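The values are calculated or read from the model by the stated rules, or taken from the named source; none is laboratory data. What you are looking at is a predicted structure, and each value in this text was computed from that prediction instead of being measured. Cβ atoms come from the backbone with ideal geometry, glycine included; neighbour counts cover every protein chain shown. Ligands, DNA and RNA are excluded from the accessible area calculation, which covers all protein heavy atoms including side chains. Shrake-Rupley method; radii C 1.70, N 1.55, O 1.52, S 1.80 Å.
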Amino acid sequence: MIGFATIATVPGLLIGMVCGLIPLGIALYYRQLRPGLLGWLACAFSGFACGFLGGVPMIVLTTAVVISYAYVNKQDPFTSRAALAEVNFEETRLELLLRLLAGLGNSVRAGLVALLRNKAGFIGFLGVLFFFLMSVFGPLLIPYDGRPHPDRRLPESRTLFQAPSAQFPLGLDWQGRDILSHVVHGGQGLILTAGLAGVLTTIIAVVLGALAALLGGVVDQVFSAFSNFILTIPQFPLLLVLASVLTFESNVALALLFALLSWPTLMRAVRAQVLSLRERDYVEAAIALDLGLWHITLREVLPNMISYIVVNMIFSIRVAMYSIVGLVFLGMVPLREPDWGVMIFVGRQQGALSNSISVWMVLAPVLAIALFQLSLVMFTRSLEEVFNPRLRSGL
Amino acid sequence: MKRIFALLLAVVMLAGLVPTMAQEAPAGVFLGTWPYVLKPDHNLNSFSPNGPTANLGVVYWQLVEMPAAFYKWAADEYVGLLAESWGFVDGGYELTLKEATWSDGSPVTADDVVATYGIGRILGWSQFNTVASVEKVADRTVRFVWSGEPSLLAERLILKENIRPAATYGALAEEALALAADGKTRDDQEWKDLNAKINDFRPDALLASGPYTYTLDDVGDSYMSLFWQPNSLYSGTVNFGEIRLWAGETEVTTPLVLNGDIAWSTNVYPPATQQAFQDAGIRLLIQPRGYGPSLLFNHDVAPWNIKEVRQVAALVIDRSENAFLTNGFGATGTQYMAGILDAQVPNMLTQDVIDQLNPYTFNPEAAADIMTQLGYTRNDAGKWVDAEGNTIKSEYKFPGDFADFSAAAQNATDQLNEFGFDITPRAVPWQQARDDIFAGNFELSVWSWGAGSPFAFSHLRNPVIRFNYAGLGEGQPGMNFPMEFEWRGEQINLTDLINNVNVGLDVAAQQERAGKIALILNDLMPFIPLNIILSTEPWNEAELAGAPADDDPILQNPSSDSFVILYLLEGQIAPAGG
Amino acid sequence: MTTFTFILIRQMPGNPFSIKVEQLMREQNLTVEEATNRAGALFDFDPNRPLLEQYTEYMGKLLRGDLGKSIISSEPVMNMLLRFLPWTLFSVGLGLLISFGLGILIGMLMAYWRGSLFDNVMTAFASVMYGIPDYVIALLLIIVAGVQLRILPFAQMLGGSTPGIEPGFRLDYILDLLFHAFLPVFTYVITSLGGWMLTMKSSTMSTLGEDYITVARARGLSQRRLLTAYIGRNAMLPLVTRLAISVGFIVGGAVIIETLYQYPGLGRNLATAILVRDYTVMQGIFLVIAISVVFSNILADLLFGLLDPRVRLGKEDAS
């Protein structure tokens, strides 16, 4: 559905393996074999999953990690392994690049360590990984069942629905199609669209909310009034009208539309929180030092809210997962199967919830969404530790 | 506990209404459902949009304000309800009422009929297409004077109309008759004012000629109750003291049916729910519903303007698969592709015409041959392409909120794509789908064909006039199927043919005219009648006795002329085990 | 705002007339021409009347506090609001109160006992329940508990009160109200509780590391006082705005829940009005929602200042 949505392919695997040669080569140069091999594996894997789009970014990440093992910061005489005499504040472009890469690599490593340390977070990570693996590698194992199967009707049955069985672990849907194959094939597009929608919503909300609170005055009033305006527009009629004039070919537009309509709630919460944080000592100190708006926002204010923001982002993703199918059925994009949202909508319409043989058509995608959300929420435990180091010591 | 309470309430209320009660109310409670509106929107004026007409639905309303007669479809005969005798007379139609009374004890008379039609004229009832005036001939006899050609359609409209009490609407009716006598028309302001006045009229009580009535106090949030009244012709025969109607649509009523709180429901339930009913031991009554989904082509969009391509589409859709997915066993694939619902084809067409109809039996090979003759070839992906290599791309727009239509459309899309068309489905809200069809803003779409009517005119008109420029307003091309063309060496004006199909009283002539139209539609395939939807109504035999057997001809009545009306009044339906 | 809504709802596809025609055909099996004739006379709605003219009339009336009449039933919109609003305020309000109260309490404890079994169980519960749409919960609740297990007398619980019961400030009437409100309130609580819990937890997390908390702990304050006065109060701040927005939307009701439970609230009424395109009723309801959203946001800002003395709104800072 989305350009970067993908299914594992063999050419992708080759691309990934080639990509992986770069970190491996650099690692060999620095004699850091272990991270090099890991980097090669990571590249090969992500290339397998996503082709160029997976392989190429992974080069950067793994190379950064490799370099972070080997990098010697000549500017920093205290942590540097270099002798004091070698300290050199003049930096070439290459050295700057290396320093930045090493910094990135260190963050990645710290993140991974934090990830492994928190048990709940790690389980969450595994959950997210599971959904990723399922939608990327699942299609290789379970072929998509798209045609109706009138022949699968059981004698005496008035429908093609079937309860779960050994042959069809999640049962059959209203057209006699394997629900499991729809769950496996139908998640990727929705997760990506909803993920994009959730991230966009959060970005808009956080940027506008923080600006409104930090700048105050007219900016605050304008943004607040605008958020009120969006909140008070009756959304259903608006979407009906929009759908009758606008149609899109891809779901990306739906994600954007969702974000444009759903940022105000979070924006007001962020604004309130920042208003409160602004008055705290360390922020006031930063303001007094005139450290600049971006520094204050990114370094002083946001880290304190990150946990709250991430949880809200997850909620936005969940809301988007359920709302976007509504936009599909308003006709904004063509109806495409397989899709979890379409399963839920059509299943409800076909009376799936009234009968235990048919309920899985709705329950399977709903539970998938619920479990995906659970994984994300648990995953944030680790993120909290990455972003909010004070918590590591515990209360 | 609750039921006893409700019954007590019923008794108390009836005692209040009728001080000298001769009979006792029967004990049974009939558990039904209808999506009535809540107070304060709910009112008792049956000419207004939120009055008993809408709030009781066509079945229960006839138990309150009864019509002249009940029509048995299979036998093609009327059973008098309020009417004692009826028939065509020279230049008109005469209707004589039985000796019946309203719930206040006053007689039902010709004045009530005159008042009903007095107001009906202001409201633009179709009866006045053929009726010039309604005159009182005797105390209980009225005469309808024809303005144009008499027809059986006009007869049906007269006999089916519910008769309202002059005691309630008399004053408005007098104003209405005065306006008509002055020669005023719909365009006059007085006429419009009176129309508004009629809509805004709010009677305090509902006078019933049938055995049930109710007051606004009986309208609750989750159900409303009709209570027995002793003064009707049928008060002595009915077996229920209360008719309880649960509010809500399909999703709300499903658990209530499963639970036995609703014994009979006319909602449209999807197959999975029908299965659940069956598993719970609830019987499913199958009745015609009077329409089915049809695939509509936009004749401005190539290649759907080519007759052969449309015929190909008809050949490659397996209509029984389509029917099963549309509504399970509650739908049948169209057998006669004639523009007339299958059940009525034997009545409306001669055997000779039926034999000439192309059945369009599922046959992808024959369809492939036609495509090849038309110059299309199959590409590597199995899609048909023209000489330039373009696939036959189209968008199928359908109402996503109608479970049956959307299922029919999704399956038709699947099957057309399977054959090698390149069709994208797009679901839109039904209101938009309808507007878009009117505006010609679609390539392929789905809407109803056929009609719940015993007249060929209503069948043939839908959708070829209804969704075509011929029946739409300025700037609304609809399907834009040309209605004037040469066919088998003859110049045809299809609009005129259809409009005149049922004129007059000569049935054989009507059959002949209908036959010609059926052959034209069958050949040109301006739309594909995909299947015919049936009503599958749950009927709980643990609670209700007296439903007809599955092969009883009365089940050929469509759900709007439901057997329940007649059987309930005549006392054939009774509480089970009682 | 009002203007925008006015134009918006009139641009919705379909109009009351064509919808009535379709309804008559589907429900009463009328033929097209019969349905068109009947629908045409049923209400005096003229689809061709200029929008501007309708608008000036509407605004003129609105300024005099008149919301107009329903174009379907001719009933004054104000009457409908008065009839349905109290039910919605009662049920959704009660649901919000319970879920918010429980949510912040549990959320705070989750953060306080971070990583404990309690935290993990509650996280799982909250995430899963919050991931299931309300109509799925509502329908399954009725089908499973009501029909299959028969432990819930749901048919009697539908609606707002038992038909025929005399309203009054009496115990039996109040119990009857609660009996009927149980299903909508329960469903509302169970589907929204998770959201409050998780946001409260995450908000509390940002507070826990703060210096004043450490100081308070060092002072040896009791856990209870620490939780309520120091942590809870600060952690609630971002939730207050969210609460305010939710309060604002109370009047809109819970459309699906009210429809499924046949609760006589404004949400059910709104759903009907949208379905039949009753423009005036929609206008009335949307206006009330808009007013209450704006109003509760203002209230939230004021409340915010009270809860967090550090913030004095309106204080101009140059930054």
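Observations
- Percent accessible area from carbon and sulfur atoms, segment B:292-533, protein chains only, probe 1.4 Å: 47
- Cβ-Cβ distance of B:Glu484 and A:Gln167, R₀ of 35 Å, FRET efficiency by 1/(1 + (r/R0)^6): the value works out to about 0.05.
- Sequence of B:Glu541, B:Glu365 when ordered by accessible area, the most exposed leading, probe 1.4 angstrom: B:Glu365, B:Glu541
- Charge tally for A:Ser68 (other residues, Cβ to Cβ under 11 Å; Lys, Arg +1; Asp, Glu -1): +2.
- Summing Lys and Arg as +1 and Asp and Glu as -1 over all other residues whose Cβ lies under 11 Å from the Cβ of B:Tyr214 gives a net charge of -2.
- Span-like helix criteria (full DSSP H runs; alpha carbon extent of at least 30 Å along the helix axis; mean Kyte-Doolittle hydropathy of at least 0.5) are satisfied in chain A by A:10-30, A:93-117, A:119-141, A:188-215, A:252-278, A:302-329, A:360-387.
- Computed with a 1.4 Å probe on the full set of protein chains, the accessible area for C:Glu33 sits at about 50 Å².
- Accessible area per residue (1.4 Å probe, heavy atoms of protein chains only) ranks A:Leu28, B:Leu207, C:Leu63, B:Leu374 as C:Leu63, A:Leu28, B:Leu374, B:Leu207, with the largest value leading.
- Between helix B:250-259 and chain B there is an angle of about 60 degrees, using the helix long axis and the longest principal axis of the Cα atoms.
- Inter-centroid distance (Cα atoms) of segment B:319-355 relative to segment B:173-196, Å: 44
- Helix C:2-11 axis, angle to chain C major axis (alpha carbon atoms, nearest 10°): 50
- Accessible surface, per residue, of chain B when the full set of protein chains is kept, probe 1.4 Å, Å²: 34
- Area buried, chain A against chain B - accessible surface, total, 1.4 angstrom probe, square angstrom: 2900
- Exceeding the 22 Å Cα-Cα cut-off - candidates C:Lys20/C:Lys61; B:Lys192/C:Lys69; A:Lys119/C:Lys201: C:Lys20/C:Lys61
- Solvent-accessible area of A:Arg158 with every protein chain in place, 1.4 Å probe, in Å² to the nearest 10: 20
- Summed buried accessible area for A+C [probe radius 1.4 Å, Å², rounded to 100]: 5600
- Between 0 and 90 degrees, the angle of helix B:2-17 with respect to the longest Cα principal axis of chain B falls at about 60 degrees.
- Loop-located chymotrypsin sites (Phe, Trp or Tyr not before Pro) in segment C:92-160 whose Cβ has at most 16 other Cβ within 10 Å (DSSP): C:Trp113
- Inter-label distance for B:Asp422 and C:Arg224, nm, one decimal - labels placed 7 Å from Cα along Cα-to-Cβ: 7.4
- If R0 equals 35 Å, the separation of the Cβ atoms of A:Tyr30 and A:Arg299 corresponds to a calculated FRET efficiency of about 0.65.
- Local electrostatic count at B:Gly105 - Lys and Arg +1, Asp and Glu -1, tallied over other residues with Cβ under 15 Å: -3
- Here the gap between B:Asn441 and B:Arg186, fully extended at 0.36 nm per residue and compared with their Cα-Cα distance, gives a gain of 88.6 nm.
- Rolling a 1.4 angstrom probe over the protein heavy atoms with all chains in place gives chain A an accessible area of 43 Å² per residue.
- Qualifying lysines (Cα of each under 30 Å from Cα of B:Lys383; at least 8 residues distant if same chain): B:Lys307, B:Lys393, B:Lys397
- When only alpha carbons are used to place a centre, segment A:235-254 and segment C:181-257 end up 34 Å from one another.
- Using a probe of 1.4 Å on the protein chains alone, the accessible area found for C:Tyr261 is around 0 Å².
- Stokes-Einstein translational diffusion, chain A - Kirkwood Rh over all Cα pairs, 1.002 mPa s, 20 °C, in µm²/s: 89
- Inter-centroid distance (Cα atoms) of segment B:65-91 relative to segment B:227-306, Å: 25
- Most to least accessible of B:Phe324, B:Phe144, A:Phe236 (protein chains only, probe 1.4 Å): A:Phe236, B:Phe324, B:Phe144
- Secondary structure note: in segment B:292-533, about 70% of the DSSP beta bridges are antiparallel.
- Buried between B and C is an accessible area of approximately 4900 Å², summed over both sides with a 1.4 Å probe.
- Eligible aspartates and glutamates near B:Lys197 by straight Cα distance, threshold 18 Å, same-chain separation 8 or greater: B:Asp41, B:Glu174, B:Glu175, B:Asp187, B:Asp188, C:Asp44, C:Asp46, C:Glu75
- Of all lysines in the structure, those lying under 16 Å Cα to Cα from B:Lys72, and not within fewer than 8 positions of it along the same chain, are B:Lys160.
- log₁₀ of I(q)/I(0) at q = 0.08 Å⁻¹ - the protein assembly as shown, Debye sum with one point per alpha carbon: -1.02
- Residues of segment C:231-277 that bury at least 20 Å² of accessible area once all protein chains are present, compared with their chain alone (1.4 Å probe, heavy atoms only, ligands and nucleic acids left out), are C:Pro238, C:Thr241, C:Arg242, C:Ile245, C:Phe249, C:Leu260, C:Gln262, C:Arg268, C:Ile274, C:Leu275, C:Arg277.
- Shown for the protein assembly as shown: cysteine residues without a partner Cβ closer than 4.7 Å, namely A:Cys50.
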